[in-house]
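Trainee: Once you've had a glance at the structure underneath, I'll fire off some questions.
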Amino acid sequence: MLTISNLTVSVDDKAILKGLNLSVPKGEVHAIMGPNGAGKSTLGYALAGRDGYTISADQLSWDGDDLQELEPHERAAKGLFLSLQYPVEIPGVAALTFLRTSVNAQRRARGQEELSAPEFMKRAREAAGTLKIPDEMLKRPLNVGFSGGEKKRMEALQILLLQPTLIVLDETDSGLDIDALKLIGETINGLRGPDKALVVITHYPRLLDYIRPDRVHVLQGGQIVTSGDAKLALALEADGYDSVVANA
């Protein structure tokens, strides 16, 4: 279970999250929604351990491990994956090289044997096929010149290969056309399982047409102000954040 208790996060002495509480059991998908500036991306960065964030919490743990005690690469080895709203470009590093290096680094950290080149290529091509990623795209420098949809599919490929257990998706629907959105949604739905928890951060309910959340939380002013089932997302779309928060 992901357990967050009284989480505060500041950047340059400005408080962004102010005593946030959240629990996400394994096997569930929780959506975090809220207006711009509510602190949604900050929550993802705090979980991943991004530099420059001053963090305190009574509890910030995943599957019994205290995330506050772990470096970002250690959190990744424990199963945490953060899908970025704006994936970075890495010139000079082929996507396949990046993927194989990442997969084997995590396998070493977990005491597992590294994948041979043929075994990795087999897995990578099978996963890429499900996402309609051509071989040519795998040979290009990571994300360089990729469209928004291609970058998101590349992140989905990373998830399929790394097999994280705590998956945090920050604005995954950003830059996607309707076909890409459907494909990514189907891929994410395929990740559901009793050993995984998913946190989907989004502005708009359209992604939730494809990824049905077990719980929806509204983040505003640095705190979760109301929670509900999937119907809450529909209420947000119909009435807007101000109305829903006022009623809460």
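Trainee: Do you know which residues across segment 173-208 are under 24 Å from residue 231 (Cβ atoms), surrounded by fewer than 17 Cβ atoms within 10 Å (Cβ to Cβ) and of a type in the set (D, E, K, R)?
Mentor: Within segment 173-208, 182, 186, 192, 206 meet the criteria.
Trainee: Among the residues of segment 1-59 satisfying the criterion of being small (Gly, Ala, Ser), surrounded by fewer than 14 Cβ atoms within 10 Å (Cβ to Cβ) and farther than 14 Å from residue 223 by Cβ, which is modelled with the highest pLDDT?
Mentor: Looking at residues that are small (Gly, Ala, Ser), surrounded by fewer than 14 Cβ atoms within 10 Å (Cβ to Cβ) and farther than 14 Å from residue 223 by Cβ, I get 56.
Trainee: What number goes with the only condition from (1) free of Cβ contacts under 8 Å to residues at least 60 places away in the same chain; (2) assigned to a helix (DSSP H, G or I); (3) under 18 Å from residue 33 (Cα atoms) that residue 208 does not pass?
Mentor: Looking at each condition in turn, residue 208 falls short on (1).
Trainee: Ok, one more. Cβ contacts < 9 Å: first residue in a loop (DSSP other than H, G, I, E, B), restricted to segment 91-110; second residue hydroxyl-bearing (Ser, Thr, Tyr) and crowded, with 19+ Cβ neighbours inside 10 Å, any location; separation 6+ or different chain. Result?
Mentor: No pair meets every condition.
Trainee: Can you name the residue in segment 5-33 that is among the β-branched types (Val, Ile, Thr) and within 16 Å of the chain's Cα centre (by Cα) and is also farthest from residue 51 (Cα to Cα) among such residues?
Mentor: Step one: filter segment 5-33 for residues among the β-branched types (Val, Ile, Thr), giving 8-9, 11, 16, 24, 29, 32.
Add one more test, that the residue is within 16 Å of the chain's Cα centre (by Cα), and what stays is 24, 29, 32.
Working: 24: 24, 29: 27, 32: 22 Å.
So, considering only residues that are among the β-branched types (Val, Ile, Thr) and within 16 Å of the chain's Cα centre (by Cα), the one farthest from residue 51 (Cα to Cα) is 29.
Trainee: Here's a follow-up. Can you tell me how many residues within segment 106-145 are out of contact with any helix residue (DSSP H, G or I) (no Cβ under 7 Å at 6 or more places or on another chain) and under 20 Å from residue 89 (Cα atoms)?
Mentor: 6
Trainee: Moving on. Select from segment 10-31 the residues that are in contact (Cβ under 8 Å) with a residue 60 or more places away in the chain and β-branched (Val, Ile, Thr) and write down the one among them that is farthest from residue 214 (Cα to Cα). Reasoning before the result, please.
Mentor: First, the residues of segment 10-31 that are in contact (Cβ under 8 Å) with a residue 60 or more places away in the chain: 15-22, 24-31.
Checking which are β-branched (Val, Ile, Thr) leaves us with 16, 24, 29.
Working: 16: 26, 24: 10, 29: 5 Å.
Taking the candidates together, the pick is 16.
The values are calculated or read from the model by the stated rules, or taken from the named source; none is laboratory data. Because the structure is a prediction, the values reported are computed rather than measured. Glycine also receives a Cβ, built like all others from the backbone with ideal geometry; neighbour counts cover every protein chain displayed.
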